[in-house]
1. Exposed loop sites here are trypsin sites (Lys or Arg not before Pro) in DSSP loop states with at most 13 other C-beta atoms within 10 Å. What is the longest stretch of the chain lacking them?
2. In whole Å, what is the distance between the alpha-carbon centres of region 50-113 and region 115-192?
3. For Leu124 and Leu230 in the same chain, what is the full-extension length gain: residue separation times 0.36 nm, less their Cα-Cα distance, in nm?
4. Ranked from highest to lowest mean number of other Cβ atoms within 10 Å per residue, what is the order of the peptides 126-139, 32-45?
5. Only one of the values (1) 135; (2) 143; (3) 168 was calculated from this structure for volume of the Cα convex hull per residue in Å³; name its label.
6. So if each residue of separation counts as 0.36 nm, and I subtract the Cα-Cα distance between Ser2 and Arg170, what length gain in nm does that give?
7. Report relative contact order for region 85-161 in percent, whole number only (criteria: Cα-Cα under 8 Å, sequence separation at least 6).
8. Efficiency by 1/(1 + (r/R0)^6): what FRET value for Ala55 and Val135, r their Cβ-Cβ distance, R0 = 35 Å, to the nearest 0.05?
Amino acid sequence: MSEETTATFYGLSAVLLWSTVATAFKLGLSHFSPPQLLLIATAISLIIFWGAAFASASTSLSRADLRLAALLGMINPFAYYLVLFEAYDRLPAQIAQPLNYTWAVVLALLAAPVLGQKLSKRSLTGIVIAYLGVVILLYRGGSFTLSISGIALALGSTLLWAGYWLLNTRTQANPTALMAWSFTFALPLLAIWCAGTDGLPAIESDGWAYAAWVGVVEMGVTFLLWQQALKRTRQVARISQLIFLAPFLSLLLIGGVLGEEIRAATVIGLAIIVGGVVLTQSSGASSP
């Protein structure tokens, strides 16, 4: 099997797994509060990252990178997933997931002042198109009837995620080691937060399988698969486009497993959002 075929296999595997996470979020949140779900998922993904780091003999970071890892851990998983899970707790999955996908256009907006990148007319057009898709997505039954706080949290998560990737540009450290250390710094903070808010998750809960799936898939294995896909390919742009299959595949699971009635506005809004993101990225802005 050629390297490009292998890269495509890794990329498609990551996309197929990512398409399950919106459903897993909602199932997990039916048993746990957002902090409890995040605590379990982070602990599980931490084991995966350290296992991968030891397997590749990439466990150490410089003192500067350790400080950066501590900061990154405050963003991901701590702040980002707390905000994202709160959004999923208040919104239908078919709304929360497409809103979260607008992080790529937020990245383009933030990259201009932070990295000194110039926004082209094509980028600006893509950004406008993407947010037009957001308006269509949220316009349901002739009115805006969704949770305002849920919408604000979902859009706020895009700022955190884009900021996280911009901070990652400050280091050349091994990404697996960086994730392992970031999650190590975040785990005790999450435990304290969880204990001080909703209490630690109950051992006898039926939701542990869903929480484990979130930790393994959303926050663990897919990162490693995607990393391998990008490492092995010479056509990063082609592999990167695979990610846009995930939200559409996810809608099938949201409808079939969660029983949400997938509205036409959801499909149209998501398609427009993805189109805007693709246009923004093809103009020179690139996702991490």
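Nothing in this text is a laboratory measurement; each read-out follows from the coordinates by a stated rule. Worth saying up front: this structure is predicted, and the values here are computed from it rather than measured. As a convention, Cβ positions derive from the backbone with ideal geometry for all residues, glycine included, and neighbour counts pool all protein chains shown.
1. Details: sites that count: Lys118, Arg170, Arg234.
Excluding the exposed sites themselves, the longest stretch runs over 1-117.
2. Here the answer is 8 Å between Cα centres.
3. On the way: separation 106, 0.36 × 106 = 38.16 nm, distance 2.68 nm.
The Leu124-Leu230 span can extend by a further 35.5 nm.
4. Values: 126-139: 19.6, 32-45: 24.0.
The most tightly packed comes first, giving 32-45, 126-139.
5. Derived directly from the coordinates: (1).
6. On the way: separation 168, 0.36 × 168 = 60.48 nm, distance 3.27 nm.
Contour length minus the Cα-Cα distance gives 57.2 nm.
7. Values: 59 pairs, mean separation 44.7, N = 77.
Relative contact order comes out at 58 percent.
8. Values: r = 46 Å, r/R0 = 1.31.
Rounded to the nearest 0.05, the efficiency is 0.15.
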